[in-house]
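Shown next, in structure tokens, is the structure this report addresses.
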Amino acid sequence: MKFTDGYWQLLPGVSVLRPQEVESHEFDGSRLVLYAPTARITKRGDTLNRPVVTVTVTSPAEGVLGVRIEHHRGRLPRYPSFELTTDPDVEVRCEEGEGWVSLSSGPLTARFATDGGWACDFLEGDRVLTSSGGRSIGLVTDAEGRHFVHEQLGLSVGEQLFGMGERFTPFVRNGQSVDLWNSDGGTSSDQAYKNVPFYLSDRGYGVFVDHPERVSFEVGTEVVSRTQFSVEGEHLQYYVVAGPTPADVLDRYTRLTGRPGAVPDWSYGLWLSTSFTTSYDEQTVTSFVDGMAERELPLSVFHFDCFWMRQFHWCDFVWDPDTFPDPAGMLQRLRDKGLRISAWINPYIAQRSALFEEGREFGYLLRTTDGDVWQWDMWQAGMALVDFTNPDAVEWYSSKLKTLLDQGVDAFKTDFGERIPTEGVRWHNGGDPERMHNWYAQAYNKAVHDLLVRERGETEAVLFARSATAGGQQFPVHWGGDCESTFVSMAESLRGGLSLGLSGFGYWSHDIGGFEGTPDPAVFKRWVAFGLLSSHSRLHGSSSYRVPWAFDEEAVDVTRQFTRLKMSLMPYLRRLGAEATERGLPVMRAMLLEHAGDRTARGLDTQYMLGDSLLVAPVLDAAGDVEYYLPAGTWTHLLTGERRQGPAWFAERHGFDSLPLYVREGAVLPRGARTDRPDYDHVDGLTLEVRELAVGAETTVRVPTADGDATWVVSRDTEGIRVVATGTDKPWRVVRIGPDGSVAADASAVGATETRLAW
């Protein structure tokens, strides 16, 4: 939201109060409070009829500083709020010097001028990260009498900002006006399903605005040298998060807002959907599953989309008896084929659903301020909303889903959650409707995830969720929503996923082939390679099936090749999942996370790092033409063994069975012994692939197991490669991959032993 007309003037009807100086300050051992009047105080009379801005600085965790800007403090608190994990024992340091006072936490310091005008620098050590200057803070009253608070933090020359959730607009946020408001807008607009009030700077810091309601960002737009964020009301709370690297920022940020949850191994496999409006029954489903098996296409999860329930009954969680007369038997037959089952749900209750009467009778549905059930006819006739602020409603809703779990369902696609009204409604807990709009997704996904944890166990709980906000990373997995079946939408989906990963989310997926329309075979095959080099992989569409043979026989071959490749990478992916839960690092990483010091790499949005060792550049062109960038070092193509030297740009053409997929210099890639499924013993029969390892270099390969970590320390000296294994008694081997991609040398070992391999 903009308040000014150019730099010097305000918009018509707008007035702004700004702090002009620090009149006094107090430190009570844990927080620094500064009192900043909106005019310079030169005599006693200047204190009369003079508003004062109160700025309170605290630290919820090491390396994080919170700033609360307040005008009138007497307003009742508004709920809900983000649930933050704070450290009550965090140490802070308050220091004073001539003309300044500061509060520090770990490496991060907020230093305020106490002489002269309002000024605050945020520093890491001696380096200024960003600043709040004389025109940065504003207490705004607009032409309609509404009150807002804004802050403007400085942008350095060349500084780039990222994140703010899953956004499909240009990857670098600079120059964008962004309103954080969950919407069902598809992937081709500036709206987003997952809005997260957090941005990450390539200078190695982050800013989290602690407001679930609409937060409006002006990134170098209201003032080209600043990022402005504003909220309606009388206060603004934000946190500055220290680095020094972008990965360190995500580590600290997800400690505060929640770590990404763990996901089961089977979820990394290929998911196949019925698609949305297609016609299907058990015979159709079985033909798909058997068709995949006949073509030796590894399949892990089968997903039933909306029409597993009767039309106009969504959601009553009752299988359509005409289409699925024996749901429990059908699910068992699918499970006997080695599959897990996913079922589509949403939090909306159609009037025709039997659950509507139950929900109305017991008060489990959102009410209007007049006491009626809130309803409309968008999506479903007479649709109502489950009120997840009511604990009894949560238990009621969960009990309906438990019936499905008892029948054999393993996971839920928690669709929707964005169309949440703010006018004329009253939530059970008295929550502020504006704050509930984005936060509803958090309550919805938490309710379903908590049920899965109770019924299946913490390591077996997995969703396929569309809507989210800050903290939603605790309830994975999330997918990119409704995209078109084009190369353009493939690229915009990738931008959204990389943006979400820079917003604290560890896992992300998308509809392989696109959702709307039917992809031509070229789009499908290129998307398959991209999809199976994503953290999670699902074949799904709207009005057409996504079985590979519906496109051509080459699509079958491409699907087989990349599915098997992903299954072989499970020891590596399993470690990346552990890093998501331990440090908040996404499995699919924007180049910024692994190459922060490379200015060319930082803003790239058509390639990414799959973890720390693999670079992926999806082919976004029917003919196979692709341009990609390799940072400094020697990179080896995973499929061909071809070496390339960076830093450099490359342009080349790839067949459907290939794409730029490079192994980073010094990486030792662990490959599993199986390619038919993801949930196997990743250590048994493991192969360590060595490509480029300099003399004197050493690296540790870690593979999480049920009993802890198995590790291999791989080093090279003048005689060759030395490997020492711990934490496993299973057979494993180490191979050196030659320039042509073949095995140039091979050594095997069993148990916690040492082996050597000649170079």
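Data overview
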| quantity | calculated |
| --- | --- |
| Strands (runs of 3 or more DSSP E) (entirely within the range 1-102) containing at least 2 residues that are within 30 Å of Thr257 (Cα to Cα) and of a type outside the set (Lys, Arg) | 24-27, 32-37, 52-61, 64-70, 93-97 |
| Residue check for Phe171: aromatic (Phe, Trp, Tyr) and farther than 27 Å from Gly497 by Cα | no |
| Unmet requirement for Arg495, which otherwise passes all of (1) closer than 18 Å to Leu620 by Cα; (2) open to solvent by less than 10 Å² (accessible area, probe 1.4 Å); (3) in a helix (DSSP H, G or I) | (2) |
| Test: residue in the range 575-582 that is among the hydroxyl-bearing types (Ser, Thr, Tyr) and surrounded by fewer than 24 Cβ atoms within 10 Å (Cβ to Cβ) | yes |
| Restricting the range 162-210 to residues that are without any contact (Cβ under 8 Å) to a residue 60 or more places away in the chain and in a loop (DSSP other than H, G, I, E, B), the residue that is least open to solvent (accessible area, probe 1.4 Å) | Arg173 |
| Selection within the range 103-113 - open to solvent by 10 Å² or more (accessible area, probe 1.4 Å) and either in contact with a Ser or Thr (Cβ under 9 Å, 6 or more places away or on another chain) or of a type in the set (Gly, Ala, Ser) (or both) | Gly106, Thr109, Arg111, Ala113 |
| Residue match in the range 55-73 (condition: over 25 Å from Glu434 (Cβ atoms), basic (Lys, Arg), at pLDDT 95 or above and touching a strand residue (DSSP E or B) at 6+ places or on another chain (Cβ under 7 Å)) | no |
| Residue that is free of Cβ contacts under 8 Å to residues at least 40 places away in the same chain and assigned to a strand (DSSP E or B), where the choices are Ala694, Ala745 | Ala745 |
| Filter pass, Ser156 being in contact with a strand residue (DSSP E or B) (Cβ under 7 Å, 6 or more places away or on another chain) and of a type outside the set (Asp, Glu) | no |
| Condition check for Asp392: open to solvent by 10 Å² or more (accessible area, probe 1.4 Å) and assigned to a loop (DSSP other than H, G, I, E, B) | no |
| Evaluation of Ser131 against (1) assigned to a loop (DSSP other than H, G, I, E, B); (2) open to solvent by 20 Å² or more (accessible area, probe 1.4 Å); (3) out of contact with any Ser or Thr (no Cβ under 9 Å at 6 or more places or on another chain) (one fails), failing number | (1) |
| Sole exception among (1) touching a residue at least 40 places away in the same chain (Cβ under 8 Å); (2) open to solvent by less than 10 Å² (accessible area, probe 1.4 Å); (3) in a helix (DSSP H, G or I) for Val528, by number | (1) |
| Filtered residues of the range 321-360 (kept if of a type outside the set (Phe, Trp, Tyr), free of Cβ contacts under 8 Å to residues at least 40 places away in the same chain and either open to solvent by less than 10 Å² (accessible area, probe 1.4 Å) or touching a Gly at 6+ places or on another chain (Cβ under 7 Å) (or both)) | Ile349, Ala350, Gln351, Gly359 |
| Positions within the range 134-161 being part of a strand (DSSP E or B), among the hydrophobic types (A, V, I, L, M, F, W, C) and within 11 Å of Ser230 (Cβ to Cβ), in sequence order | Leu139, Val140, Phe148, Val149 |
| Selection within the range 189-212 - more than 10 Å from Val178 (Cα to Cα), among the charged types (D, E, K, R) and within 19 Å of the chain's Cα centre (by Cα) | Lys194, Asp202, Asp210 |
| Considering residues of the range 469-489 that are outside any loop (DSSP other than H, G, I, E, B) and in contact with an Asp or Glu (Cβ under 9 Å, 6 or more places away or on another chain) only, the residue surrounded by the most Cβ atoms within 10 Å (Cβ to Cβ) | His478 |
| Residues being closer than 21 Å to Pro476 by Cα and either part of a helix (DSSP H, G or I) or more than 25 Å from the chain's Cα centre (by Cα) (or both) - total across the range 410-443 | 8 |
| Which listed residue, of Thr54, Thr109, is within 25 Å of Pro197 (Cα to Cα) and in contact with a Gly (Cβ under 9 Å, 6 or more places away or on another chain) | Thr109 |
| Among residues of the range 361-374, those that are without any contact (Cβ under 8 Å) to a residue 60 or more places away in the chain and either crowded, with 21+ Cβ neighbours inside 10 Å or under 19 Å from Leu401 (Cα atoms) (or both), counted | 3 |
| Qualifying position, being within 22 Å of Pro704 (Cβ to Cβ), free of Cβ contacts under 8 Å to residues at least 60 places away in the same chain and of a type outside the set (Asp, Glu), among Met567, Met588, Met609 | Met609 |
| Hits in the range 541-561 - residues which are assigned to a helix (DSSP H, G or I) and either in contact with a Ser or Thr (Cβ under 8 Å, 6 or more places away or on another chain) or open to solvent by less than 20 Å² (accessible area, probe 1.4 Å) (or both) | Pro548, Ala550, Ala555, Val556, Val558, Thr559 |
| Qualifying positions in the range 395-409 - open to solvent by less than 20 Å² (accessible area, probe 1.4 Å), part of a helix (DSSP H, G or I) and either closer than 16 Å to Trp344 by Cβ or without any contact (Cβ under 8 Å) to a residue 24 or more places away in the chain (or both) | Tyr397, Leu401, Leu404, Leu405 |
| Any chance Arg564 is surrounded by fewer than 24 Cβ atoms within 10 Å (Cβ to Cβ) and within 25 Å of the chain's Cα centre (by Cα) | no |
| Condition check for Asp142: among the acidic types (Asp, Glu) and farther than 30 Å from Gly431 by Cα | no |
| Candidate set from the range 31-55 (those that are polar (S, T, N, Q) and closer than 16 Å to Ser136 by Cα); member that is surrounded by the most Cβ atoms within 10 Å (Cβ to Cβ) | Thr38 |
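Residues are listed down the side, and each one gets a yes or a no for (1) aromatic (Phe, Trp, Tyr); (2) on the phi < 0 side of the Ramachandran plot; (3) open to solvent by 30 Å² or more (accessible area, probe 1.4 Å):
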site: Tyr629; (1), (2), (3): yes, yes, no
site: Thr636; (1), (2), (3): no, yes, no
site: Thr675; (1), (2), (3): no, yes, yes
site: Leu693; (1), (2), (3): no, yes, no
site: Thr705; (1), (2), (3): no, yes, yes
site: Asp709; (1), (2), (3): no, yes, yes
site: Trp712; (1), (2), (3): yes, yes, no
site: Asp717; (1), (2), (3): no, yes, yes
site: Asp729; (1), (2), (3): no, yes, yes
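The values are calculated or read from the model by the stated rules, or taken from the named source; none is laboratory data. This one's a predicted model, so the numbers in the text were calculated from it and none came from an experiment. So basically every Cβ, Gly included, is an ideal-geometry build from the backbone, and we count neighbours across all protein chains shown. These area figures cover heavy atoms from the full protein model, side chains too; ligands, DNA and RNA do not enter into them. Shrake-Rupley method; radii C 1.70, N 1.55, O 1.52, S 1.80 Å.
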